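Novice: Provided herewith is a single structure, encoded as structure tokens, for subsequent inquiry.
Derivation of every value follows stated rules applied to the coordinates shown; laboratory data play no part. None of these values were measured; they are calculated from a predicted model. Methodologically, a virtual Cβ is constructed for each residue, glycine included, from the backbone with ideal geometry; neighbour enumeration extends over all protein chains shown.
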Amino acid sequence: MMIREYRPADRGAVREISYKTSLESRAHDFLDARDAVEDALTVYFTDHVPGSCFVAEENGKVVGYLLGTDDVKMMEKVMALDILPRIFRDAVVQGIIFRKKNLLFLWNYFLGFCRGEFIRVRFDHQFPAIFHLNILDGFRGKGIGTALVERNLSFLRGKGVQGAHIGTMSEQAKDLFIKLGFKVLYSSRRGYLKYVLGHDTPYYILGKKLKDDH
Ligand SMILES: CC(C)(COP(=O)(O)OP(=O)(O)OC[C@H]1O[C@@H](n2cnc3c(N)ncnc32)[C@H](O)[C@@H]1OP(=O)(O)O)[C@@H](O)C(=O)NCCC(=O)NCCS
């Protein structure tokens with residue numbers, strides 16, 4: 001297994017992994033909009049900040065990735081002003097948004113929004129880097145996630161970044177990050193996926209300082 005920098009040729013594999021691992025690995029049960037899901041999860045990283053992304057390769061196949069940036073504010077700006085409006089426009093123009101499964105997801109997302117489930121708690125001052133980590137089923141529990149996180153943390157330290165944070169809906173991922181020295185900064189529960197999963201999901205934001213404050 002090899003951890004290496006992301007290359008443009010990895011784009012398709014990274015998009016596929018993002019889809020297979022998103023929404024509790026059940027994206028297909030929630031949405032009928034594969035391109036939109038892949039765009040929302042990966043395009044900022046692969047097309048705007050590819051130099052801060054890493055992949056894990058096993059026997060020539062990309063089996064996991066860490067997509068990151070050291071400037072979460074810039075990421076949010078590009079997502080809000082460019083990527084998300086484009087995804088929305090394409091979904092409307094192509095009629096994708098009007099598919100029953102997608103309308104149901106948007107309705108449940110809207111209800112979650114009204115319940116305050118997506119209120120953005122900000123940690124970018126102390127922890128300006130953010131990342132997403134996903135490993136294909138069948139390659140988990142073999143140290144790949146740990147190796148990707150460690151590679152990313154040493155990359156960020158080399159750039160003098162003050163801290164990194166990550167959001168996760170997985171108890172197991174939370175435990176992994178705690179083992180890697182992250183601290184829970186925020187925790188809550190979300191109910192917007194309950195209409196398919198049958199239960200609420202936890203949501204954690206964890207952070208790790210990479211530099212002393214002074
Ligand atoms: C969470 C995840 C990135 C961890 O990567 P990994 O390569 O499996 O992790 P490692 O092998 O380095 O470390 C194993 C630890 O990860 C945790 N873990 C989380 N999910 C796991 C899974 N499905 N299988 C095995 N370990 C998992 C456990 O705490 C485990 O610790 P243990 O070995 O002491 O039991 C990966 O399992 C994954 O992609 N899961 C599905 C998507 C997800 O939850 N992504 C996290 C978004 S932040």
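Novice: Can you give me the convex hull volume of the Cα atoms of region 1-75, divided per residue and expressed in Å³?
Specialist: Dividing the Cα hull volume of region 1-75 by its residue count gives 96 Å³.
Novice: Each residue of region 8-13 in order: what ³J(HN,Hα) in whole Hz does its phi give by Karplus 6.51 cos²θ - 1.76 cosθ + 1.60, θ = phi - 60°, with x for Gly and Pro?
Specialist: Listing the rounded values in order: x, 5, 7, 3, x, 5 Hz.
Novice: Still on this structure: With unit charges on the beta carbons (Lys and Arg positive, Asp and Glu negative) and the dipole taken about the Cα centre of the chain, which residue among 148, 105, 18 sits farthest to the positive side?
Specialist: 105
Novice: In debye, nearest 20, what is the charge dipole magnitude of the chain about its Cα centre with +1 on Lys and Arg Cβ and -1 on Asp and Glu Cβ, if you could check?
Specialist: In debye, rounded to 20, the chain gives about 300.
Novice: Which of the lysines could a cross-linker bridge to residue 174, judged by Cα under 30 Å and excluding same-chain residues fewer than eight apart?
Specialist: Those lysines meeting the cut-off are 20, 61, 73, 77, 101, 142, 159, 183, 194, 208, 209, 211.
Novice: Separation of region 135-204 and region 13-35 by C-alpha centroid, Å?
Specialist: Taking the Cα centre of region 13-35 as reference, the centre of region 135-204 is 17 Å away.
Novice: Taking the radius of gyration and the Kirkwood hydrodynamic radius from Cα positions alone, what is the Rg/Rh ratio for region 1-151, to two decimal places?
Specialist: Here Rg/Rh amounts to 0.97.
Novice: Rounded to the nearest 5, what is the percent of antiparallel bridges among the DSSP beta bridges in region 54-212?
Specialist: 90 percent
Novice: Classify region 65-214 as rounded, prolate or oblate, taking a ≥ b ≥ c as the square roots of the eigenvalues of its Cα gyration tensor: rounded when a/c is under 1.5, otherwise prolate if a/b is larger than b/c and oblate if not.
Specialist: Judged from the Cα gyration tensor, region 65-214 comes out prolate (a/c at least 1.5, a/b above b/c).
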